[in-house]
1. Only one of (1) within 17 Å of LEU22 (Cα to Cα); (2) touching a Gly at 6+ places or on another chain (Cβ under 9 Å); (3) without any contact (Cβ under 8 Å) to a residue 24 or more places away in the chain fails for HIS98. Which number is that?
2. Given (1) assigned to a helix (DSSP H, G or I); (2) more than 25 Å from ARG115 (Cα to Cα); (3) modelled with pLDDT of 85 or more, where does GLY27 come up short, assuming only one miss?
3. Residues to consider are ASP77, ASP14, ASP83; find the one that is in contact with a Ser or Thr (Cβ under 6 Å, 6 or more places away or on another chain) and either of a type in the set (D, E, K, R) or more than 30 Å from ASP112 (Cα to Cα) (or both).
4. Which residue is farthest from the chain's Cα centre (by Cα), if the candidates are limited to the stretch 79-132 and must be basic (Lys, Arg) and in a helix (DSSP H, G or I)?
5. Would you pick out the residues in the stretch 133-161 that are assigned to a loop (DSSP other than H, G, I, E, B), on the phi < 0 side of the Ramachandran plot and within 22 Å of the chain's Cα centre (by Cα)?
6. Find the residue count for the stretch 114-128, including only residues that are among the charged types (D, E, K, R) and closer than 15 Å to SER11 by Cα.
7. Can you tell me which residue is farthest from ASP150 (Cα to Cα) among those in the stretch 41-61 that are within 17 Å of the chain's Cα centre (by Cα) and modelled with pLDDT of 80 or more?
8. Among the residues in the stretch 40-55, are any part of a helix (DSSP H, G or I), touching a Phe, Trp or Tyr at 6+ places or on another chain (Cβ under 6 Å) and buried (at least 16 other Cβ atoms within 10 Å of the Cβ)?
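The values are calculated or read from the model by the stated rules, or taken from the named source; none is laboratory data. All values derive from a computational prediction rather than experimental measurement. Glycine gets a Cβ as well: all are built from the backbone with ideal geometry, and neighbour counts include every protein chain shown.
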Amino acid sequence: MKDEAQSGYKSKQDDVLKTLGLAVIAGQAVEHLLSSCLTFPLHGEPLQTAEQLQLLLERHSKATLGRLLKTLRKQVDLHPTFDDKLDRFLQHRNIIAHRLRDVPGGFDLHSDKGRGKLKAFLLQHMEDGHTVSMVFLGILRGWASQVDIDIPNEHHLSQRMQDHLDANVMPSLDFLIRYKEHP
């Protein structure tokens with residue numbers, strides 16, 4: 001059986017399953033970036049002790065994406081288009097993590113049409129995740145620059161990605177996300 005991958009699935013099925021794995025990893029990266037944003041630049045109050053920081057890190061690392069988004073919306077106003085993208089990202093993430101059978105068109109690895117619908121759904125999720133990640137990464141980079149902190153792992157960003165952030169994301173941040181005025 002030349003058409004079967006080492007996994008036991010046919011190569012066309014294996015390709016979709018690899019995309020599913022990438023979508024899960026991409027979703028986790030977005031959650032981590034959002035958690036980091038809520039812990040540091042979007043926290044709202046200066047952190048004064050190591051205990052405060054540790055408590056926030058623990059709270060946000062265990063929070064669901066839905067809870068993180070609820071916290072985000074308490075701290076900031078979001079442009080409606082960006083807010084819609086976050087909602088779609090959350091809905092797709094939950095389908096991927098909990099209910100693959102709810103993928104529009106159904107979860108079907110056995111037909112070209114089914115695999116095509118599933119892969120399109122996963123690719124849309126990853127595209128939304130990329131957009132959302134760029135905004136959160138921009139927030140982190142802007143904050144780190146203001147407080148004169150080097151972001152760990154920023155050296156992993158290619159020059160092309162840094163240029164993209166500087167040219168396309170950073171100028172739009174105030175349009176996409178605004179800090180709420182707290183009395």
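1. (2)
2. The single condition GLY27 does not satisfy is (2).
3. Only one candidate passes the filter, namely ASP14.
4. Out of the qualifying residues, it is LYS113.
5. ASP150, ILE151, PRO152, LEU157, SER158 - these are the residues of the stretch 133-161 that are assigned to a loop (DSSP other than H, G, I, E, B), on the phi < 0 side of the Ramachandran plot and within 22 Å of the chain's Cα centre (by Cα).
6. 2
7. Ranking the candidates gives SER61 first.
8. No, every residue in the stretch 40-55 fails to be part of a helix (DSSP H, G or I), touching a Phe, Trp or Tyr at 6+ places or on another chain (Cβ under 6 Å) and buried (at least 16 other Cβ atoms within 10 Å of the Cβ).
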